[in-house]
Every structure is written in C-alpha cells, then in structure tokens.
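So the structure is just underneath, and the comments pick up after that.
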Number of protein chains: 2
Amino acid sequence: MSATPKPTLHLRDMGSFHIGGRSVQLANQPAYQRVMSAGGEPVIINLNGTYMVEQMYVQYFLPERSNGKGPLVFWHGGGMTGAAWETTPDGREGWVNYFIRHGWDVYLCDSVERGRSGFAPFPEIWPENPVIQTVNDIFSRFRIGMHAESYHSDPAQRTPYKNTRFPLHAFDAFTRQMVPRWTHTNKAIIDAFDALLLRLGTATIICHSQAGPLALQLAGRHPDRIRALVAVEPAGIPDADFSNFTVPVLVLLGDNIDTDSRWPLIRKKILSFADTTPGTYVLSLPQLGITGNSHVMMMDTNNQEIADLVNQWLVKKLAS
Amino acid sequence: MSATPKPTLHLRDMGSFHIGGRSVQLANQPAYQRVMSAGGEPVIINLNGTYMVEQMYVQYFLPERSNGKGPLVFWHGGGMTGAAWETTPDGREGWVNYFIRHGWDVYLCDSVERGRSGFAPFPEIWPENPVIQTVNDIFSRFRIGMHAESYHSDPAQRTPYKNTRFPLHAFDAFTRQMVPRWTHTNKAIIDAFDALLLRLGTATIICHSQAGPLALQLAGRHPDRIRALVAVEPAGIPDADFSNFTVPVLVLLGDNIDTDSRWPLIRKKILSFADTTPGTYVLSLPQLGITGNSHVMMMDTNNQEIADLVNQWLVKKLAS
C-alpha cells in the first residue's frame, strides 16, 4: 500500500487465537421480539443461556529469523485496538512490522472488550455503558493540539502544536480506528494478559497509555514472567507495592506535556515512581532533542526512530 | 503455534487501514458523571461533539509472489470477525494463510460494528441493542449438533452430528471468537465494502453466512467491481433484481442440512436463485461425497480440502 518498496517479510508462522475469559450463565431473562433485518419477520430472542466473556484476541507474527529474545507482546491503550501498532494512519509501517523486521516474535493483542476480543452486551454482566471519545477530544487527549477547541472539521482551521510530529493530514483516518471502551474491566484485562503470559512462559511487553498502569500491576504480580516492560506514555502509576519490583522498565514521554491539562501531573507520578523503583528509566524525548511527539508516538512521522531507541534498549537489557 | 513445520510465508507487504464511515454530530446531550476506574474520582462526561462511525477495518497480507488475480476480500458472517478466517480454533492454518500461500493478495475485513471496526455506542446513532448468541445456540446454528440442547457444558455429554468435521475438542475455543452484532446495520456494512472495492478497483470476494446476501446485493449494484464471488453457506438470497447479474458465483453448502430447522428453506432459496441466475454454481459437499461439514467449514478438519475446491474454481473462472 506504500510507494516505497520494502524488504520482503519472511514469517515462519502467523495466525491468531483467543485466550482467557469466563463462562457466564444468564437465567430468568424475559424473551423479546426482534426484527433481525429490515422487512423480516420478528424473531423471538431468548437471552437465557451460557456466554463466553472477557476473553482476549491475540494475533501472532513469527519471523523466520527470530532474534531469540522471546515473545514481544503489544498492549494498546484506551479506546484503541491492536490496529494502533500496525500501519500508521498515513500508510507508513507501524511498530508491528518494525519489530518483526528486527527478529521479534510479535503477539498483537486486542484487550478484553476491544476489537476482535468482543464484549458482553448485557447490563447483567457489565452494568455500565461503554464510553467513546469525540474527535475533538481525540485531537487534544492525544496531544496533537492543546484543547478540544483546537480541532475543527475543516483541516485548514485546526490549530495543532506547531512542532507536532503527528501526520496531520491523516488525523481523520486516525479517528476511524478509535473504538468504545468500558471503564470497569481492568481486572478482566489484566487476567487475560496474565493468561497469555502463562501460555508464553515469559515475554517482553510494549504497552501504551491506559495499558501502562495495568501492565505495571501485572508486572508487580508476576515479575518472573515479564522480561522487560516498555511503557509508551503510561496514563498513570498503579497504587501498588513496588519495593520488590525487578522488571526493567523503560518509560517514553513525548512533547508538549507542559501545556497539557492532565500530563504534568501524570509525569510527576511517573518520575516519582522511577525515582523509587530501581531498573526504571524515563526517556523524555524532548530532553534527547526529539521534539513534537504526540501521545501516539508509534504513529508519528519519526516512529521508526523511536522504535530504534526502544529496540536498542531492549536488546541491551535482555543481553545482560 | 503448530507442531507441523510449515513453509515460510513471504510477504511483500502487510498492514491495515480503516475505510468508509461517516461523521455524526451529537448535541444537547446532558453531561453525566462517571468513575473511570475503581477508586477514582468521578469525571464529567460530555457526549456532545463529533464521532466517526460505520468505518471498516481492513488488514492486508500481500504475498511476495502474487498470482496476479487481484485482491481477494474475506467477508465474515454474523457474530464473527476477520478472525474466523485465520487459525482454526484447534490451531490449524485457516483460509487466510491458505490463500496467501496460493499467491492471493488477501484483504481480511472486520465488518462495520464488528471487531477492530468499532461501533457506535449511542442509541442516538443506532437505536437498537446488539445481540449475541449463547454457546448453546452456537452449537446448533453452526450445525455442529442438531439442537441447542445438543450442547452441554461437559464436552463428554454433548451430542454433535456423528459425522461432524468440526474440531469438537476446540468448540469452547471457538465460542471465544463470537462477538455481539447489530441487526440494522446492513446498509452501513455494504457501503463500507463498496468503499473498499472502489479503492481496490476490482476484487474477488469470499463471504460467509450473513455476508452472503449482503455481498450478493453489492455484486448486483457493482458487478463490474467484483471478479468472482464465493459464498460459504449464505444465510439468504436478497430480494433484488438479478436479471442482468454477471458475476460468477460459487455457493458452498455443507452437510446435515436436512435435519436442521432453518437450512432446508435457505437451501431452497439458494437453489432457486442458482436456477435463474446464469454463472451461479451450487456445490453441495455431501453430493461430492464430502460429508460432515458444519456451517463453519473454513474451520472444519478438512478446511484445506475445501479451500482447494474454492481455489481451483477461482483460478478457472478468472482465467476465462
């Protein structure tokens, strides 16, 4: 789909599976009538029975020449799916392809209730409704522009950060990949990744935003199963005991945090965590002279350069 | 993930994009409070703003040595996602890998409101709730067993069709890939595939179940864009004028239709359509001596054999 010819990808295997989840029984629900397609006769819907919920979809891409460093698990952020790590909204290669090309066995996940993992559509199972962001909120929360008002339906009238590395002409394409999310499914999400780690043995995790605090919780629970953890702008630090934490952690922070309404406080918590947790390293891209990165740096125009930093750090950590 | 070594897959490219959809404005909705994660402070949620809805996720896998027959689009059935065409529930290669290995440029889609395509979680946009099948219904509607009562939570007490080719020990894994579906999104689904065809120029489509009548509608609308259509057990025939229909169609039917509550009628409609529509060929597997296939024959134990039949038909049709 790209104009630039790229080297062939050689895969020894690719495929997918679902893992984890639990069986739920619904009983004593009244039957109701539903017309299943326009013009059809109503069908009686009986909700009672057994459902599988809270499982997770995992897609794997295993390069022919593995780097021998074990599985690399991608864990996306809130309102997103595994698609976040694939092709960028403007059609460049994303981190999935990058890390396959660098010999990693890649496991690309859709968190519980996101994407191909499915969700439980009953208030009897999940009492709440899902939430979804407006495109205005996407523009500001992903730090492409400063405020929701920085977005305008006319691309020419948007006011992004002047130095942004986000591919602005593809912002509308980016909004198409956002999906609804629930807000009380953290335990189910962590349990499903736990089940994946148990299956894989050990793994390295690259996570983003909402997944940051969840992956840190999981790493605290099973430090022996996580070889290293890369947190791209984790949305918070979990309230947990990290005194015996042994997992090497790299935190990546982008630009334009100072003028954001939420990120100065999150950064403060991250720095405090790093100060008190040996093996944790915070990489502020602007401090390296890499400016303009948004909250979705894996899609920014310099996404390959940042992937290089991550890959180099991982290779060094996993060699020692 | 499989014990059998397989030849390396050589891809000249792989990635994904979202296509189609429409922008929707919500206004005058009251704000409400929501605790976004357990123990947190409530956040004020303002629903008003712009949303992208009804877009479609497309994942592409382009083999190094293309067979030159153009794009092959996979269009899954109701309650499913693109995962239906990937690895089988018991870990064998699915049709995605098969057709890549046979030189096809594969485009694996998640229909609108399914999987990585996301959905509109507002009654203001889609008034209805989604529906989802119980595992009991999955067992019978996919013709693994005769009735919903043929399912039992204890695998040893299930009563499948005696000759079934479905990998029974993986039935519970299969139920994990089912997702909720809406029932009045047919137009949005067809429009998104229409947008994909427009982008691809022309394509061959392999569709399943719910997608059958939708793909036939689309083929009736744009016969020039569809080179050939393979319908795996289409769930119906659309009420449309097919008098000038020019697309070669192969319909595949599995086994144990006679004793099913719904399929004898659907088969009757399919055979009537084939009788009156030149270029349509119905392949009843039992009539070929291939017995025991379920409604998800792309996952059955003989899925490679059936893929061979499809591939041979396509190669012949597209050569003439």
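We did not get these values from a lab; they are worked out from the coordinates using the rules stated. What you are looking at is a predicted structure, and each value in this text was computed from that prediction instead of being measured. Counting neighbours? That spans all protein chains shown, and the Cβs are built from the backbone with ideal geometry, glycine included.
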* **Given charges at beta-carbon only (K, R positive; D, E negative), |dipole| of chain A in Debye** => 520
* Structure fact -> One decimal, nm, nearest first: from A:Glu128 to the same residue in each other copy, label points 7 Å out along Cα→Cβ, the values are 2.8
* Cβ-vector label at 7 Å, B:Lys187, separations to other copies in nm -> 4.3
* Asked: Average partner chain C-beta neighbours within 10 Å, per residue of A:119-126?
  -> 3
* Take A:Thr291, project a point 7 Å from its Cα along the Cβ direction, then tell me which residues of the range A:137-166 have their backbone nitrogen under 20 Å from it. => A:143-147, A:159-166
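Per DSSP H run of at least 4 residues, take -39500 (n - 2.57); add these up for chain A, divide by its residues and hand me the 222 nm value, nearest 500 deg cm²/dmol. Could you put the intermediate results ahead of the total?
Details: 7 runs with 76 residues, N = 320.
One gets -7000 deg cm²/dmol as the mean residue ellipticity at 222 nm.
According to the square roots a ≥ b ≥ c of the eigenvalues of the Cα gyration tensor, what is the shape class of the protein assembly as shown, taking rounded for a/c under 1.5, prolate for a/b larger than b/c otherwise, and oblate for the remainder? Walk me through the numbers on the way to the answer.
Working: a/c = 1.56, a/b = 1.52, b/c = 1.02.
Prolate shape, in that a/c is at least 1.5 and a/b is the bigger ratio.
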* Asked: Whose amide H sits under 5 Å from the amide H of B:Val251, counting only residues 5 or more places off or on another chain, with H placed in the peptide plane?
  -> B:Ala231, B:Tyr281, B:Val282, B:Leu283
* Using θ = phi - 60° and the Karplus curve 6.51 cos²θ - 1.76 cosθ + 1.60, what whole-Hz ³J(HN,Hα) does each residue of the range A:85-93 get, with Gly and Pro shown as x? -> 9, 8, 2, 6, x, 9, x, 8, 5
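Shape of the range A:6-103 from its Cα gyration tensor (a ≥ b ≥ c, root eigenvalues): rounded if a/c is under 1.5, otherwise prolate when a/b > b/c, or oblate?
Values: a/c = 3.28, a/b = 2.22, b/c = 1.48.
Verdict is prolate for the range A:6-103.
Can you tell me how the range B:72-158 classifies by the Cα gyration tensor, rounded, prolate or oblate, using a/c under 1.5 as the rounded cut?
On the way: a/c = 2.94, a/b = 1.07, b/c = 2.75.
Oblate.
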* Asked: ³J(HN,Hα) across the range A:236-253 via Karplus (A = 6.51, B = -1.76, C = 1.60, θ = phi - 60°), whole Hz, x for Gly/Pro?
  -> x, 10, x, 7, 8, 8, 9, 5, 10, 5, 10, 7, x, 10, 10, 9, 9, 10
* Asked: For B:Thr202 and B:Leu283, what does the FRET efficiency come to when R0 = 22 Å and r is the distance between their Cβ atoms, rounded to the nearest 0.05?
  -> 0.40
* How far, in nm, would the chain grow between B:Asn129 and B:Asn48 when pulled straight, counting 0.36 nm per residue and subtracting the alpha carbon separation? -> 27.1 nm
* Asked: What's the exposure ranking of B:Tyr161, B:Tyr32, going from fewest to most Cβ atoms within 10 Å?
  -> B:Tyr32, B:Tyr161
* If the cut-off is a Cα-Cα distance under 25 Å, which lysines reach A:Lys162, setting aside same-chain residues fewer than 8 apart in sequence? -> A:Lys268
* Separation of alpha-carbon centers, the range A:189-218 and the range B:264-287, rounded to whole Å -> 48
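Considering every residue in B:42-51, what mean count of other chain Cβ atoms within 10 Å of its Cβ is obtained? List each step's numbers first, then the result.
On the way: counts 0, 2, 0, 3, 4, 3, 2, 8, 8, 8.
Average neighbour count from other chains, rounded to a whole number: 4.
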* Asked: Residue by residue through the range A:126-138, which ³J(HN,Hα) values in whole Hz follow from phi under the Karplus form 6.51 cos²θ - 1.76 cosθ + 1.60 (θ = phi - 60°), with glycine and proline marked x?
  -> 10, x, 8, 8, x, 10, 8, 8, 6, 5, 4, 5, 4
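Give the relative contact order (percent, whole number) for the range A:23-117; include only Cα pairs under 8 Å separated by 6+ residues.
The normalised contact order for the range A:23-117 reaches 31 percent.
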* Asked: When we measure straight from the Cα of A:Lys6, which lysines land under 16 angstrom away, once same-chain ones fewer than 8 places off are left out?
  -> none
* Neighbouring partner chain Cβ atoms per residue of B:85-92, average, 10 Å criterion -> 3
* Kindly list the residues of the range A:40-74 that lie in the label zone of A:Val315, defined by a backbone N under 16 Å from the point 7 Å along the Cα-to-C-beta vector. => A:65-70
* With charges set only on the Cβ (+1 for Lys and Arg, -1 for Asp and Glu), what does the dipole of the range A:193-320 come to about its Cα centre, in debye to the nearest 20? -> 360
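Normalising by the residue count of the range A:70-207, find the relative contact order in percent from Cα pairs under 8 Å and 6+ residues apart. Don't skip to the end; give the middle numbers.
Working: 184 pairs, mean separation 47.4, N = 138.
Relative contact order comes out at 34 percent.
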* Which whole-number percentage describes the relative contact order of chain B, with Cα contacts under 8 Å and a sequence gap of 6 or more? -> 17
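Using the Kyte-Doolittle scale, which helices in chain A average at least 0.0 and also have C-alpha atoms spread 18 Å or more along the helix axis, with helices defined as whole DSSP H runs? Don't skip to the end; give the middle numbers.
Numbers: long enough: A:186-200 (21 Å, 0.90); A:263-276 (20 Å, 0.10); A:303-319 (24 Å, -0.11).
What comes out of the filter, once short or polar helices are dropped, is A:186-200, A:263-276.
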